[in-house]
1. How much length would be gained if the chain were fully extended between GLN193 and GLN37, taking 0.36 nm per residue of separation minus their Cα-Cα distance, in nm to one decimal?
2. How high is the relative contact order of the chain, given as a whole-number percent (alpha carbon pairs under 8 Å, six or more residues apart)?
3. Of all beta bridges DSSP finds with both residues in the range 1-141, what is the antiparallel percent, to the nearest 5?
4. Where does helix 217-233 land angle-wise versus the long Cα axis of the chain, in degrees 0 to 90, nearest 10?
5. Net charge within 15 Å of ASP20 by Cβ-Cβ distance, Lys/Arg positive one each and Asp/Glu negative one each, not counting ASP20 itself?
6. Decide, for the range 70-138, between rounded, prolate and oblate: order the square roots of the alpha carbon gyration tensor eigenvalues as a ≥ b ≥ c, take rounded if a/c falls under 1.5, and otherwise choose prolate if a/b is larger than b/c, else oblate.
7. Quick one: grab the alpha carbon gyration tensor of the chain, order the square roots of its eigenvalues as a ≥ b ≥ c, and give me rounded if a/c is under 1.5, else prolate or oblate depending on whether a/b is larger than b/c.
8. What are the aspartates and glutamates whose alpha-carbon lies under 14 Å from the alpha-carbon of LYS239, with same-chain residues fewer than 8 places away excluded?
Amino acid sequence: MNEVVLNELPDNWEWVKLGDVVTKIIGGGTPSKNKPQYWEGDIPWLTVKDMRSRRPADAMDHIGEKAVEESSTNIIPEDTVIIATRIGLGKVIRVPYKAAINQDLKALVVPPEIDKGYLEYWFVSKTQYLESIGSGTTVKGIRLEQVRDLDFPFAPPEQQKRIVAKIEELFSHIDAGIEALKKAKQLIKQYRQSVLKAAVTGELTNKWREENSRSHASDWLEHIAGLRERLVADGIIAKQKKTTVIDEDDLPYQIPESWKWMRLDDFVLASVDCPHSTPKYKEHGKKCVRTADFLPGRLVMDNVRYVTPEAFDERNKRLIPQSDDVLYSREGGILGVACMIPEGEEVCLGQRMVIFRTESKLASIYLMHNLNSPLIVQRVKSLTGGSASPHLNVGEIRNFLLPIPPKQECEALLLTLEEKLSSIERIEHEIDMQLVKSEKNKQSVLSSAFIGKLN
């Protein structure tokens, strides 16, 4: 399949088939994993996972000479354009060393009339098109004849070099802007953490306490304890284990006198771990949340999965999730992230999470921000640091220490905190929009470059 319309080129350019200007296309292969001796050499063996940058310093895997001799892989000369024809369509690299490649990559050997940088940037410009013509049910790929049949804008060699130089000049300015935006985003992230820290240490409401000195956390906590007792008596929630006495030596930092330290399990009304089974997802049905849907402070329902009504009911036997319940990821790549179930959403739990129910929306919001605060994040790191498969036991989470303010102070605290976090989100959104715009500017540069209109 070719592009339907080819743009008009300058008089001294012409459209040609890539296969007509490439001297040779070299494929690769994977040496047998059943022969460990193949994987004991020092020859870089490149795969798509090495294509995270266009100039990878080295390959993740290495093989020996015997692996090259006895498999379908090939040694590619240094500074050869290498493209992905499966999995990472549109990815392209050039490495300053000889390397072997696997079957998902192809090396393009070109004559002196083709500038390698020109060919490389042209492939980058074709990313979206290559993805559009890729085929495959699980992993998209393109065939070798499709590569050879690509329409290539052949410019005079001296113009190819000037175009590459101009692209790199413009890209350097765009990349500098992107780097500045990324640094700004990191600073905003740090500021978010400092705001959360100020909230859970009482710093954010210093002035409020000066004007409301009679309030104390005990009143709120006694209300929660009484409510829990009534719910247990009515059979609505299970009886909690005996409240643990907090050792003064366990306290991580100083809090205001009117606040009180509390075990998480003593602050919530109920806590339930997710079912220990993998749900079978369907195209339609009832919503099932995953930790992949978690962001700090927000449950994202854009790519929600579905289960049958029967599976939905089965997964909710112990506790039916409801609006304002707090979800917390306790295992895997997304670990230690808290969010809340939005108003009106009916969901069941996937895996690797625990759900908390509190006495009010106020308590849920405060709990969520505590779990996302740098102080709890640090606690999670201390419990899981160094683990190849990090996870938190539910008991460990229930024993997290929370600094609890008076209820009225919590209301004032959350009002200030939400205002600051909303401002942070607006800035982050603007930075993200600028980053998207920068990437579009790069594509605009490439689009102009390969029809001879790059000024």
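The values are calculated or read from the model by the stated rules, or taken from the named source; none is laboratory data. Keep in mind that this is a model prediction, so the values were computed, not measured. Neighbour counts run over all protein chains shown; Cβ positions are idealised from the backbone, glycine included. These area figures cover heavy atoms from the full protein model, side chains too; ligands, DNA and RNA do not enter into them. Shrake-Rupley method; radii C 1.70, N 1.55, O 1.52, S 1.80 Å.
1. My answer for the length gained is 51.3 nm.
2. 16 percent
3. Roughly 90 percent of the beta bridges in the range 1-141 run antiparallel, per DSSP.
4. 90 degrees
5. -2
6. Judged from the Cα gyration tensor, the range 70-138 comes out oblate (a/c at least 1.5, b/c at or above a/b).
7. prolate
8. Cross-link targets: GLU229, ASP265, ASP266.
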